[in-house]
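Sharing a structure below in structure tokens format, with a few things to ask.
The values are calculated or read from the model by the stated rules, or taken from the named source; none is laboratory data. Everything quoted here is computed from the prediction, not taken from an experiment. So basically every Cβ, Gly included, is an ideal-geometry build from the backbone, and we count neighbours across all protein chains shown.
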Amino acid sequence: MTPAINLLKKQKISFSIHEYEHDHNCTNFGEEAAQKLGLDPACVFKTLLVSDDKQFFVAIVPVIGTLNLKRAASAFNVKKLRMADIKEAERLTGYLVGGISPIGQKKSLITCIDQSAKGINKIYVSGGQRGLDIGLSPNHLSLVCRNTIFADIGEN
């Protein structure tokens, strides 16, 4: 069990577990999950860490798009953001890149979920390790993440 799964169980939040064989040569983890699980990529979301050099934030966007740093900065009410480097992301979350779940992170960070998630009944996010995704409603995801907001932060 990962910290993400343990937290969801502890809080009695409805979710599903989806496992697949991760290809160690693959670096596009979200698209790999969508393909191997046979899911619509618009329903599979990636977890990204960003920073304004004072604090870190979590941004959750569909794997078919990219994070718009200007829109994310506006959503988090800061001037400018940069992507966190791999070591920072792993240290803050307690997860390895490619398996970073927005749920059960070592350090609780303010989170923004792309508003496209609101139109989807069930979205899929990393379950805390490569080859493991969790399916849950966007509202349930917002309940287990710290100070969650929904905003238009992604772009295709």
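For residues that are surrounded by fewer than 22 Cβ atoms within 10 Å (Cβ to Cβ) and either within 15 Å of ILE103 (Cβ to Cβ) or among the small types (Gly, Ala, Ser) (or both), tally how many sit in segment 50-69.
Residues in segment 50-69 being surrounded by fewer than 22 Cβ atoms within 10 Å (Cβ to Cβ) and either within 15 Å of ILE103 (Cβ to Cβ) or among the small types (Gly, Ala, Ser) (or both): 2 in total.
Taking segment 54-71 as the search range and keeping residues that are in a strand (DSSP E or B) and within 17 Å of SER116 (Cα to Cα), which one is nearest to the chain's Cα centre (by Cα)? Full working, then the answer.
Within segment 54-71, the subset in a strand (DSSP E or B) is 56-62, 66-67.
Then keep just the ones that are within 17 Å of SER116 (Cα to Cα); that gives 58-62, 66-67.
Numbers: VAL58: 7, ALA59: 7, ILE60: 4, VAL61: 7, PRO62: 9, THR66: 13, LEU67: 12 Å.
Checked segment 54-71; the qualifying residue nearest to the chain's Cα centre (by Cα) is ILE60.
Please verify whether ILE134 is among the β-branched types (Val, Ile, Thr) and surrounded by 21 or more Cβ atoms within 10 Å (Cβ to Cβ), treating the condition exactly as stated.
Values: among the β-branched types (Val, Ile, Thr): yes; surrounded by 21 or more Cβ atoms within 10 Å (Cβ to Cβ): yes.
For ILE134, the condition - among the β-branched types (Val, Ile, Thr) and surrounded by 21 or more Cβ atoms within 10 Å (Cβ to Cβ) - is met.
If I go through segment 117-135 residue by residue, how many of them are closer than 18 Å to ALA42 by Cβ and either without any contact (Cβ under 8 Å) to a residue 24 or more places away in the chain or within 12 Å of the chain's Cα centre (by Cα) (or both)? Spell out how you get there, then give the answer.
Narrowing segment 117-135 to residues closer than 18 Å to ALA42 by Cβ: 117-126, 133-135.
Now restrict to residues that are either without any contact (Cβ under 8 Å) to a residue 24 or more places away in the chain or within 12 Å of the chain's Cα centre (by Cα) (or both): 117, 119, 121, 123-126, 133-135.
Residues in segment 117-135 being closer than 18 Å to ALA42 by Cβ and either without any contact (Cβ under 8 Å) to a residue 24 or more places away in the chain or within 12 Å of the chain's Cα centre (by Cα) (or both): 10 in total.
Looking only at segment 48-65, decide whether some residue is touching a residue at least 40 places away in the same chain (Cβ under 8 Å) and either in contact with a His (Cβ under 9 Å, 6 or more places away or on another chain) or of a type in the set (Ser, Thr, Tyr) (or both).
No, every residue in segment 48-65 fails to be touching a residue at least 40 places away in the same chain (Cβ under 8 Å) and either in contact with a His (Cβ under 9 Å, 6 or more places away or on another chain) or of a type in the set (Ser, Thr, Tyr) (or both).
Which of the following residues is under 20 Å from ILE123 (Cβ atoms) and crowded, with 21+ Cβ neighbours inside 10 Å: TYR95, TYR20? Give the steps one after another, and end with the answer.
On the way: TYR20 fails: crowded, with 21+ Cβ neighbours inside 10 Å.
Matching residue, one of TYR95, TYR20: TYR95.
Considering (1) closer than 21 Å to HIS24 by Cα; (2) in contact with a helix residue (DSSP H, G or I) (Cβ under 7 Å, 6 or more places away or on another chain), say which one GLU90 fails and leave the rest.
(2)
Right, here's the next one. I'm trying to understand the selection: among the residues of segment 38-49, which are crowded, with 17+ Cβ neighbours inside 10 Å and in a helix (DSSP H, G or I)?
Looking only at segment 38-49, we keep the residues that are crowded, with 17+ Cβ neighbours inside 10 Å, and these are 39, 42-49.
If the condition is that a residue be crowded, with 17+ Cβ neighbours inside 10 Å and in a helix (DSSP H, G or I), then ALA42, CYS43 are the ones that fit.
Any idea which of (1) of a type in the set (Gly, Ala, Ser); (2) surrounded by 20 or more Cβ atoms within 10 Å (Cβ to Cβ); (3) closer than 13 Å to ILE153 by Cβ; (4) over 11 Å from the mean Cα position of the chain (by Cα) is the one ALA89 doesn't satisfy?
(3)
Just to check your reading of the model, which residue among PHE45, PHE57, PHE15 is in contact with a Phe, Trp or Tyr (Cβ under 6 Å, 6 or more places away or on another chain), modelled with pLDDT of 95 or more and of a type outside the set (A, V, I, L, M)?
Working: PHE45 fails: in contact with a Phe, Trp or Tyr (Cβ under 6 Å, 6 or more places away or on another chain); PHE15 fails: in contact with a Phe, Trp or Tyr (Cβ under 6 Å, 6 or more places away or on another chain).
Exactly one of PHE45, PHE57, PHE15 is in contact with a Phe, Trp or Tyr (Cβ under 6 Å, 6 or more places away or on another chain), modelled with pLDDT of 95 or more and of a type outside the set (A, V, I, L, M), namely PHE57.
A further question follows. Where residues in segment 72-96 are without any contact (Cβ under 8 Å) to a residue 24 or more places away in the chain and assigned to a loop (DSSP other than H, G, I, E, B), which of them is nearest to THR47 (Cα to Cα)?
Initially, segment 72-96 is screened for residues without any contact (Cβ under 8 Å) to a residue 24 or more places away in the chain, giving 73, 77, 85-87, 90-91.
Then drop every residue that is not assigned to a loop (DSSP other than H, G, I, E, B), which leaves 77, 85.
Values: ASN77: 19, ASP85: 13 Å.
Here the residue is ASP85.
Counting just the residues of segment 1-32 that are in a loop (DSSP other than H, G, I, E, B) and of a type in the set (Val, Ile, Thr), which one comes out nearest to GLY65 (Cα to Cα)?
Residues of segment 1-32 that are in a loop (DSSP other than H, G, I, E, B), as a first pass: 1-2, 11-15, 20-28.
When the remaining residues are screened for being of a type in the set (Val, Ile, Thr), the result is 2, 13, 27.
Working: THR2: 27, ILE13: 27, THR27: 15 Å.
Among them, the one singled out is THR27.
Would you mention how many residues in segment 136-149 are part of a strand (DSSP E or B) and without any contact (Cβ under 8 Å) to a residue 40 or more places away in the chain?
Going residue by residue through segment 136-149, those that are part of a strand (DSSP E or B) are 136, 146-149.
Among the residues that remain, those that are also without any contact (Cβ under 8 Å) to a residue 40 or more places away in the chain are: 146-148.
Adding up the residues that qualify gives 3.
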